[in-house]
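*Asks:* Structure in C-alpha coordinates, see below.
The values are calculated or read from the model by the stated rules, or taken from the named source; none is laboratory data. Keep in mind the model is a prediction, meaning the values are calculated, not measured. In this analysis, Cβ positions are derived from the backbone assuming ideal geometry, glycine residues included, and neighbour counts consider all displayed protein chains. All accessible areas refer to the heavy atoms of the entire protein, side chains included, with ligands and DNA or RNA removed. Shrake-Rupley method; radii C 1.70, N 1.55, O 1.52, S 1.80 Å.
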Amino acid sequence: RRPPRSTLFPYTTLFRSDEELGAWFNLDEYPEWPITIVRPGLFRITLDYSLALPPDKPGSRFDVLVDRRKLPATVKGGGTLENHMTVDLGELKINQTGPMVLKIRPVSKSGYTLMNLRALTLTWREPD
(Lines give C-alpha, C1' and ligand atoms only; values in the text may rest on other atoms or scores of the structure.)
Protein backbone atom coordinates (compact mmCIF):
# COMPACT_ATOMS: atom_id res chain seq x y z
CA ARG A 1 0.00 0.00 0.00
CA ARG A 2 1.57 3.28 -1.13
CA PRO A 3 0.70 6.71 0.27
CA PRO A 4 -0.78 9.27 -2.14
CA ARG A 5 1.44 11.37 -4.40
CA SER A 6 2.02 14.92 -3.19
CA THR A 7 3.70 18.14 -4.21
CA LEU A 8 5.67 20.26 -1.78
CA PHE A 9 4.68 23.92 -1.84
CA PRO A 10 6.79 26.71 -0.34
CA TYR A 11 4.94 26.85 2.95
CA THR A 12 3.31 23.81 4.53
CA THR A 13 2.29 20.62 2.81
CA LEU A 14 0.73 17.76 4.68
CA PHE A 15 1.23 14.19 3.57
CA ARG A 16 -1.80 12.43 4.98
CA SER A 17 -3.20 9.14 3.88
CA ASP A 18 -6.88 8.33 4.29
CA GLU A 19 -5.79 5.30 6.27
CA GLU A 20 -2.74 5.03 8.47
CA LEU A 21 0.36 3.50 7.00
CA GLY A 22 0.38 0.67 9.50
CA ALA A 23 1.38 -2.97 9.92
CA TRP A 24 4.93 -1.82 9.18
CA PHE A 25 6.72 -5.03 10.15
CA ASN A 26 9.43 -5.35 7.52
CA LEU A 27 12.40 -2.99 7.90
CA ASP A 28 13.23 -3.45 4.19
CA GLU A 29 9.95 -1.80 3.15
CA TYR A 30 9.47 1.96 3.19
CA PRO A 31 7.14 4.62 1.77
CA GLU A 32 8.31 7.24 -0.67
CA TRP A 33 6.64 10.31 -2.10
CA PRO A 34 7.57 12.21 -5.26
CA ILE A 35 7.76 15.88 -4.27
CA THR A 36 8.65 19.13 -6.00
CA ILE A 37 10.60 21.77 -4.11
CA VAL A 38 9.58 25.18 -5.47
CA ARG A 39 11.62 27.29 -3.06
CA PRO A 40 14.88 26.32 -1.33
CA GLY A 41 15.19 26.75 2.41
CA LEU A 42 14.85 24.96 5.73
CA PHE A 43 12.04 22.46 6.11
CA ARG A 44 10.80 21.56 9.60
CA ILE A 45 9.51 17.99 9.62
CA THR A 46 6.78 16.81 11.97
CA LEU A 47 5.22 13.37 12.19
CA ASP A 48 1.80 12.22 13.43
CA TYR A 49 1.98 8.58 14.47
CA SER A 50 1.10 5.90 17.00
CA LEU A 51 3.19 3.07 18.43
CA ALA A 52 1.83 0.38 20.74
CA LEU A 53 4.86 0.30 23.01
CA PRO A 54 5.25 1.46 26.61
CA PRO A 55 6.64 5.03 26.74
CA ASP A 56 9.60 3.94 28.89
CA LYS A 57 10.93 1.54 26.21
CA PRO A 58 13.42 2.64 23.53
CA GLY A 59 11.59 3.74 20.41
CA SER A 60 11.80 2.85 16.74
CA ARG A 61 14.51 4.55 14.67
CA PHE A 62 14.31 5.67 11.04
CA ASP A 63 15.73 8.20 8.60
CA VAL A 64 13.80 10.82 6.66
CA LEU A 65 15.56 11.18 3.31
CA VAL A 66 15.15 13.85 0.66
CA ASP A 67 17.53 13.03 -2.17
CA ARG A 68 20.95 12.86 -0.45
CA ARG A 69 19.90 14.68 2.72
CA LYS A 70 19.17 12.58 5.81
CA LEU A 71 17.42 13.42 9.06
CA PRO A 72 17.80 10.61 11.66
CA ALA A 73 14.74 10.30 13.91
CA THR A 74 13.27 8.24 16.75
CA VAL A 75 9.67 7.79 17.86
CA LYS A 76 8.61 6.66 21.33
CA GLY A 77 5.75 4.43 22.31
CA GLY A 78 2.42 5.82 23.38
CA GLY A 79 1.05 2.68 25.00
CA THR A 80 -1.67 1.95 22.40
CA LEU A 81 -2.28 2.41 18.69
CA GLU A 82 -5.19 4.74 19.52
CA ASN A 83 -2.83 7.23 21.21
CA HIS A 84 -1.65 9.38 18.28
CA MET A 85 1.25 11.72 18.92
CA THR A 86 2.84 14.52 16.95
CA VAL A 87 6.61 14.86 17.17
CA ASP A 88 8.96 17.50 15.76
CA LEU A 89 11.77 15.58 14.06
CA GLY A 90 13.95 18.59 13.21
CA GLU A 91 14.92 20.44 10.04
CA LEU A 92 16.42 19.60 6.67
CA LYS A 93 18.13 22.24 4.53
CA ILE A 94 17.32 21.90 0.84
CA ASN A 95 19.23 24.27 -1.42
CA GLN A 96 17.85 23.40 -4.85
CA THR A 97 14.43 23.31 -6.47
CA GLY A 98 12.80 20.71 -8.64
CA PRO A 99 11.49 17.15 -8.40
CA MET A 100 12.83 14.98 -5.58
CA VAL A 101 11.84 11.89 -3.63
CA LEU A 102 11.08 11.86 0.11
CA LYS A 103 11.52 8.49 1.87
CA ILE A 104 11.12 7.18 5.40
CA ARG A 105 13.72 4.40 5.75
CA PRO A 106 13.49 2.20 8.85
CA VAL A 107 16.66 1.63 10.89
CA SER A 108 15.34 -0.43 13.83
CA LYS A 109 12.07 -1.18 15.58
CA SER A 110 11.53 -1.69 19.28
CA GLY A 111 8.24 -3.51 19.17
CA TYR A 112 6.23 -5.50 16.69
CA THR A 113 6.00 -2.67 14.14
CA LEU A 114 8.02 0.43 13.32
CA MET A 115 4.97 2.71 13.84
CA ASN A 116 1.58 3.55 12.40
CA LEU A 117 2.12 6.69 10.32
CA ARG A 118 -0.84 9.04 10.00
CA ALA A 119 0.73 12.24 8.63
CA LEU A 120 4.03 13.82 7.71
CA THR A 121 4.25 17.63 7.55
CA LEU A 122 7.01 19.73 6.03
CA THR A 123 6.97 23.45 6.88
CA TRP A 124 9.17 25.79 4.86
CA ARG A 125 11.10 28.69 6.32
CA GLU A 126 13.81 30.93 4.99
CA PRO A 127 17.30 30.21 6.33
CA ASP A 128 18.70 32.72 8.84
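*Asks:* Could you give the length gained on full extension between ASP88 and ARG44, defined as 0.36 nm per residue of separation minus the Cα-Cα distance, in nm? Can you show the working numbers first?
*Replies:* Details: separation 44, 0.36 × 44 = 15.84 nm, distance 0.76 nm.
Gain on stretching ASP88 to ARG44: 15.1 nm.
*Asks:* Go through segment 63-72 residue by residue and turn each phi into a ³J(HN,Hα) via Karplus (6.51, -1.76, 1.60, θ = phi - 60°); whole Hz please, and just put x for glycine and proline.
*Replies:* Listing the rounded values in order: 10, 9, 10, 10, 6, 8, 8, 10, 10, x Hz.
*Asks:* Please state the charge dipole magnitude for the chain, taken about the Cα centre, from unit charges on C-beta atoms (+1 on K and R, -1 on D and E), reported in debye and rounded to the nearest 20.
*Replies:* Values: 18 positive and 15 negative charges, 62 e Å.
Roughly 300 debye, rounded to the nearest 20.
*Asks:* While we're here: Provide the per-residue ³J(HN,Hα) series for segment 83-94, in order, calculated from phi with Karplus coefficients 6.51, -1.76, 1.60 and θ = phi - 60°, each as a whole number of Hz, with x at glycine and proline positions.
*Replies:* Residue by residue, segment 83-94 yields 8, 7, 10, 10, 10, 8, 8, x, 10, 10, 9, 10 Hz.
*Asks:* Once the other residues with Cβ under 13 Å from the Cβ of ILE37 are scored (Lys, Arg +1; Asp, Glu -1), what is the net sum? Intermediate values should be presented prior to the final figure.
*Replies:* Values: positive: ARG39, ARG69, LYS93; negative: ASP67.
For residues surrounding ILE37, the net value is +2.
*Asks:* Count the net charge of all other residues whose Cβ sits under 13 Å from the Cβ of LYS70, scoring Lys and Arg as +1 and Asp and Glu as -1.
*Replies:* Values: positive: ARG61, ARG68, ARG69, LYS93, LYS103, ARG105; negative: ASP63, ASP67, GLU91.
So the environment of LYS70 carries a net charge of +3.
*Asks:* Also: Quick check for you: with a 1.4 Å probe and neighbouring chains kept, what is the accessible area per residue of the chain, in Å²?
*Replies:* Dividing the accessible area of the chain by its residue count gives 55 Å².
*Asks:* Here is a follow-up. Looking at the chain, how many pairs of lysines come closer than 18 Å at the Cα, when each pair is eight or more places apart or spans two chains? List each step's numbers first, then the result.
*Replies:* Working: LYS57/LYS76; LYS57/LYS109; LYS70/LYS93; LYS70/LYS103; LYS76/LYS109; LYS93/LYS103.
For the chain, qualifying lysine pairs total 6.
*Asks:* When all alpha-carbon pairs of the chain are counted, what percent fall beyond 27 Å?
*Replies:* Working: 1311 of 8128 pairs.
Of all Cα-Cα pairs in the chain, 16 percent lie more than 27 Å apart.
*Asks:* I'd like the Karplus ³J(HN,Hα) series for segment 47-59: coefficients 6.51, -1.76, 1.60, θ = phi - 60°, whole numbers in Hz, and an x wherever there's a Gly or Pro.
*Replies:* 10, 10, 8, 9, 8, 7, 8, x, x, 7, 8, x, x
*Asks:* Around ARG105, with a cut-off of 14 angstrom between Cβ atoms, what is the net charge of the other residues, counting Lys and Arg +1 and Asp and Glu -1?
*Replies:* On the way: positive: ARG61, ARG68, ARG69, LYS70, LYS103, LYS109; negative: ASP28, GLU29, GLU32, ASP63, ASP67.
Here the charged neighbours net out to +1.
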